[in-house]
1. What pairs can you find where one residue is in region 69-80 and in contact (Cβ under 8 Å) with a residue 40 or more places away in the chain, the other is aliphatic (A, V, I, L, M) and crowded, with 17+ Cβ neighbours inside 10 Å, and their Cβ atoms are less than 6 Å apart, with a gap of 6+ or different chains?
2. Please go through (1) touching a residue at least 60 places away in the same chain (Cβ under 8 Å); (2) open to solvent by 10 Å² or more (accessible area, probe 1.4 Å); (3) of a type in the set (S, T, N, Q) for S282 and return the number of the only condition it doesn't satisfy.
3. Would it be correct to say that V145 is assigned to a helix (DSSP H, G or I) and either open to solvent by 10 Å² or more (accessible area, probe 1.4 Å) or touching a Gly at 6+ places or on another chain (Cβ under 8 Å) (or both)?
4. So, in region 236-264, of the ones that are in contact (Cβ under 8 Å) with a residue 60 or more places away in the chain and in a loop (DSSP other than H, G, I, E, B), which residue ends up most open to solvent (accessible area, probe 1.4 Å)?
5. Quick check: anything in region 126-140 over 27 Å from L219 (Cα atoms) and buried (at least 16 other Cβ atoms within 10 Å of the Cβ)?
6. So R83 clears everything in (1) farther than 9 Å from A169 by Cβ; (2) surrounded by 13 or more Cβ atoms within 10 Å (Cβ to Cβ); (3) touching a helix residue (DSSP H, G or I) at 6+ places or on another chain (Cβ under 7 Å) except one condition, right? Which one?
7. For residues that are assigned to a helix (DSSP H, G or I), closer than 12 Å to L283 by Cβ and either over 22 Å from the mean Cα position of the chain (by Cα) or not basic (K, R) (or both), tally how many sit in region 201-235.
8. State yes or no: is T103 crowded, with 21+ Cβ neighbours inside 10 Å, within 22 Å of the chain's Cα centre (by Cα) and over 16 Å from A273 (Cα atoms)?
Amino acid sequence: MTDTTGRTDATDAPGTAPGDPTGALDEALERLHAAGPERNGWLSNHGPMAVEALVRHGQAPAVHRWLDHYSHKLEDMPAPAARVTADNWHEALGDPRRIADWTTYFERETAGRPWQDVLTEWWPRLLPGIAAGATHPVIRVGHAVRTLLDGEANAPRTAELAHGLGYWAARHQPLPALHPPASLAPAPSAAAALDAVPPVADQSGGIRDRLAQLTEFPLWPQQFADDPDAARARLAELVRAATHRYATHGHGAPIMLVHAATAPNAVLRTLPALPRGLWGQSLAAAWAASAAVTAAYSPADPVPCAASPSAASADEIFARAAAHGDDHTIKFTDTALDVGDTTALAAALRSIELNPPAL
């Protein structure tokens, strides 16, 4: 099959994801689609994102065992409330009671027309609410789009996009940073901008309490809207900077701070499926999400990272994350491998050290 880089791999049968000749991903997604996107009223279902990353990095044989272990965290899809339509969607946006309604809406939409058309229509509507569900919906969409771009748009993968978009619409949560009352001085780079993000005054509450305290971010990047290629380059720079920063700051909130990198990386993965005219606003939203998580959870001081990838290969490091089993660690390591440099791999090892193992 042909991937987005133009390479072909004869070992992958038609209709399977890269590295998944047995179709384990599609089977796992079908199992997961009976469940809702949350549990305990707020915590996100990470199953679809984690299994996609596992398959992507050669761990397809372990997917069902991982999912068996994770299954106690799954809850049934909530009952529907009222049908979402093209006429009433505005009133349903951001209403978590409508999760099932939104999912059904996007299942209808993706069944009736190409998934790229649905994504293109809804991406700019949903993007201002990128903080939804602690950024998990956009991350889920990014994993779904990556699979659709790399393989056949079959029923399980298209349904996964519908579930991700439905979750995002139901939890839609605008960030103050997208309409800031003030901005701090411009920053010369993504790394400097993240370092300059002021922490929220009270880091004792949950993410919604913390996001409510946001007031201002450094101005970064200064120009991007008229140059899609520059926007994509700056977005890749942000993913790299946030991934690197986890190596020295992840101890502040080992689980939550992974989203400073995985959320913008989800946006970066989605860009090839979007019109280039949407890339600039995608960068702006990704920066807001990464800065918001940084403000909400970063510790006061960095700690030197002792983790070293030494002679370990990227595949070996991901295998360690898979054996570790924690869903956030798996997803962060997946992003670190996208970045691919020594510091990113060290950050992945740091996440394995900091987060409690699940297997």
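The values are calculated or read from the model by the stated rules, or taken from the named source; none is laboratory data. The structure displayed is predicted, hence computed values, not measured ones. Because the Cβ atoms are built from the backbone with ideal geometry, glycine has one as well, and the counts that use them run over all protein chains shown. The accessibility values were calculated without ligands, DNA or RNA, using every heavy atom of the protein model including side chains. Shrake-Rupley method; radii C 1.70, N 1.55, O 1.52, S 1.80 Å.
1. L74/A35; M77/A100; P78/I99; P78/A100
2. Unmet condition: (2).
3. On the way: assigned to a helix (DSSP H, G or I): yes; either open to solvent by 10 Å² or more (accessible area, probe 1.4 Å) or touching a Gly at 6+ places or on another chain (Cβ under 8 Å) (or both): no.
Answer is no for this residue.
4. By that ranking, first place goes to I255.
5. Yes, region 126-140 contains at least one residue that is over 27 Å from L219 (Cα atoms) and buried (at least 16 other Cβ atoms within 10 Å of the Cβ).
6. Of the numbered conditions (1) farther than 9 Å from A169 by Cβ; (2) surrounded by 13 or more Cβ atoms within 10 Å (Cβ to Cβ); (3) touching a helix residue (DSSP H, G or I) at 6+ places or on another chain (Cβ under 7 Å), the odd one out for R83 is (2).
7. Here is the first cut: in region 201-235, the residues assigned to a helix (DSSP H, G or I) are 207-211, 228-235.
Then drop every residue that is not closer than 12 Å to L283 by Cβ, which leaves 228-235.
Filter again for either over 22 Å from the mean Cα position of the chain (by Cα) or not basic (K, R) (or both), leaving 228-231, 233, 235.
Final tally of qualifying residues: 6.
8. Values: crowded, with 21+ Cβ neighbours inside 10 Å: yes; within 22 Å of the chain's Cα centre (by Cα): yes; over 16 Å from A273 (Cα atoms): yes.
So T103 passes the test.
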